[in-house]
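So the structure is just underneath, and the comments pick up after that.
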Amino acid sequence: MSILTELARIWLTRSVRPFSFTSAYDSSLDLREEQNLGLYLHIPFCRTLCSFCPYCKVPYQEELAKAYLDALLKEIDLVGGSLPSHRQVTSLYFGGGSPALFAAEIGRIVKKLREYFEISEEIGIELHPEDVNEETLRLLKSAGVTRISIGVQSFQESGLHALGRTLEQPEQIFDALARVPFETVSMDFIFALPGQSFEELRRDIDMAFSHGANHVAIYPFIDFTDTTRSFPKMPERQKRKLLDQITAYCAGQGYVRDSIWTFSKPGTPKYSSMTRDNFLGFGCSATTLLRGQFKINTFSIPAYLRRIEEGKLPTALTLHFTLRQRMVYYLFWTAYTTVVDAGEFEAFFGRKLDRCYDFELRMACLLGLAKREGNKYRITPRGAYYYHYFENYYTLSYIDQMWHLLRNEAFPERLLIR
């Protein structure tokens, strides 16, 4: 597993140099050169902790949540106060955890962000199914939220049981969505669960699109170090068959594939907190991606609170990219959208895509993983499967290693990912 990702890294970056994260600290962030900047804000509280979820989260405690909110507003002041002027950003996404536990405070947070940033496009938020009620949705809409993503995971009893979840009255969710509309309503589902059939996944997709969703995300189950599962892994051949069936069914229904994992009704603005050129993160575990560096905040809430109280940014690790490393990161997440635009690549890096990766692009087309359409490369269904396959290795070799370290050390000195 690690050999595959290491060889890919060496080949694509043209270097044996690993990704080297250090505790290098910046007292402020220079955002003057960053274009198409997005915002991400992490709320690490849940009513109960799902065993399959790898993200930074803790059980909700009222006093701790209040302290966290105060620190979050101060962090926004720390970053925003260092900017030379009001800064335009494309979007704002709230993730977690269960961000809707702060539903009554989302408007206050957005107002604080607007003191320093002008949000030109969408505001999105992740929701636990338990939070999808009319009162909460109206609070979020009044705060400016335009896109929501509901972590349903499955409507089927067998799928919910495997994940340790219940969903007793989905009709309440559907009724709330009918009463409080949003620009995008996405529902998340997990596939490759034990004994899961295409028919069960088809029912999930149909139920979502016929009851308020105009966008669905269908993710494979991934084993992270700090998560648990009580069932055997689905064989890769069966997993691929399911993915092919999902893709063919959604295409037959006229849905648009707008990323490797997502399908939407035509004309629907997609929900994606990941696919942006650059983004700025606030809160525990939030990441910041800039042209030349990648940063991740501490996972420890007490350490986060102390740093903010000291008037310092909560950065735990920083990676300074080489040019080729940044290109690989850009291409990985751009390929996730299923389309790599050579013109956009050149605008971002000042280099022609086919001169940097001519051999790789030719091979991708020759092997049927992508096809060229003018100045763009579109990922094929075959390519989408292999993206799934490689992304699993990438997640376990890179993301999982980093998250596991940060769960055990608030501010580690160094992390080398080979």
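The values are calculated or read from the model by the stated rules, or taken from the named source; none is laboratory data. What you see is a predicted model, and the numbers here were worked out from it, not measured in a lab. Note: ideal-geometry Cβ built from the backbone for every residue, glycine included; neighbour counts use all protein chains shown.
Residues that are exposed (fewer than 14 other Cβ atoms within 10 Å of the Cβ) and assigned to a helix (DSSP H, G or I) within segment 361-381 comprise Arg362, Met363, Leu366, listed in sequence order. Does Lys66 count as touching a residue at least 24 places away in the same chain (Cβ under 8 Å) and within 16 Å of Tyr304 (Cα to Cα)? So Lys66 does not fit the description; no.
Residues are listed down the side, and each one gets a yes or a no for (1) modelled with pLDDT of 95 or more; (2) not basic (Lys, Arg):
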{"site": "Asp226", "(1), (2)": "no, yes"}
{"site": "Pro232", "(1), (2)": "no, yes"}
{"site": "Lys241", "(1), (2)": "no, no"}
{"site": "Tyr255", "(1), (2)": "yes, yes"}
{"site": "Ser259", "(1), (2)": "no, yes"}
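Kindly provide the set of residues from segment 88-133 that are in contact with a helix residue (DSSP H, G or I) (Cβ under 6 Å, 6 or more places away or on another chain), over 15 Å from Gly283 (Cβ atoms) and part of a strand (DSSP E or B), ordered by number. The one that is in contact with a helix residue (DSSP H, G or I) (Cβ under 6 Å, 6 or more places away or on another chain), over 15 Å from Gly283 (Cβ atoms) and part of a strand (DSSP E or B): Leu127.
Restricting the first member to segment 398-418 and to residues that are of a type in the set (A, V, I, L, M, F, W, C), and the second to residues that are part of a helix (DSSP H, G or I), the beta-carbon pairs closer than 7 Å and six or more apart or on different chains are Ala410/Ala303; Phe411/Ala303; Leu415/Met402; Leu415/Leu405; Ile417/Tyr398; Ile417/Gln401.
All of Leu140, Leu83 fail the test of being under 23 Å from Gly311 (Cβ atoms), touching a residue at least 12 places away in the same chain (Cβ under 8 Å), not basic (Lys, Arg) and not in a strand (DSSP E or B), apart from Leu83. Residue pairs whose Cβ atoms lie under 8 Å apart, separated by 6 or more positions or on different chains, with the first residue in segment 196-211 and assigned by TED's automatic domain parsing to the domain that holds Tyr255 and the second in a helix (DSSP H, G or I) and of a type in the set (Ser, Thr, Tyr), are Gln196/Ser158; Phe198/Tyr249; Glu200/Ser158; Arg202/Tyr249; Ile205/Tyr249.
Given the criteria among the β-branched types (Val, Ile, Thr) and crowded, with 18+ Cβ neighbours inside 10 Å, does Thr48 qualify? In short, no.
Is there a residue in segment 237-247 that is surrounded by 14 or more Cβ atoms within 10 Å (Cβ to Cβ), free of Cβ contacts under 8 Å to residues at least 60 places away in the same chain, in contact with a helix residue (DSSP H, G or I) (Cβ under 6 Å, 6 or more places away or on another chain) and farther than 20 Å from Leu160 by Cα? Within segment 237-247 (the criterion being surrounded by 14 or more Cβ atoms within 10 Å (Cβ to Cβ), free of Cβ contacts under 8 Å to residues at least 60 places away in the same chain, in contact with a helix residue (DSSP H, G or I) (Cβ under 6 Å, 6 or more places away or on another chain) and farther than 20 Å from Leu160 by Cα), the answer is yes, since at least one residue qualifies.
Which one of these is touching a Lys or Arg at 6+ places or on another chain (Cβ under 8 Å) and among the hydroxyl-bearing types (Ser, Thr, Tyr): Ser149, Ser154?
Details: Ser149 fails: touching a Lys or Arg at 6+ places or on another chain (Cβ under 8 Å).
Result: Ser154 is the single residue among Ser149, Ser154 that is touching a Lys or Arg at 6+ places or on another chain (Cβ under 8 Å) and among the hydroxyl-bearing types (Ser, Thr, Tyr).
When you look at Tyr68, is it outside any loop (DSSP other than H, G, I, E, B), modelled with pLDDT of 95 or more, in contact with a Cys (Cβ under 9 Å, 6 or more places away or on another chain) and surrounded by 15 or more Cβ atoms within 10 Å (Cβ to Cβ), yes or no? Against the criterion (outside any loop (DSSP other than H, G, I, E, B), modelled with pLDDT of 95 or more, in contact with a Cys (Cβ under 9 Å, 6 or more places away or on another chain) and surrounded by 15 or more Cβ atoms within 10 Å (Cβ to Cβ)), Tyr68 qualifies.
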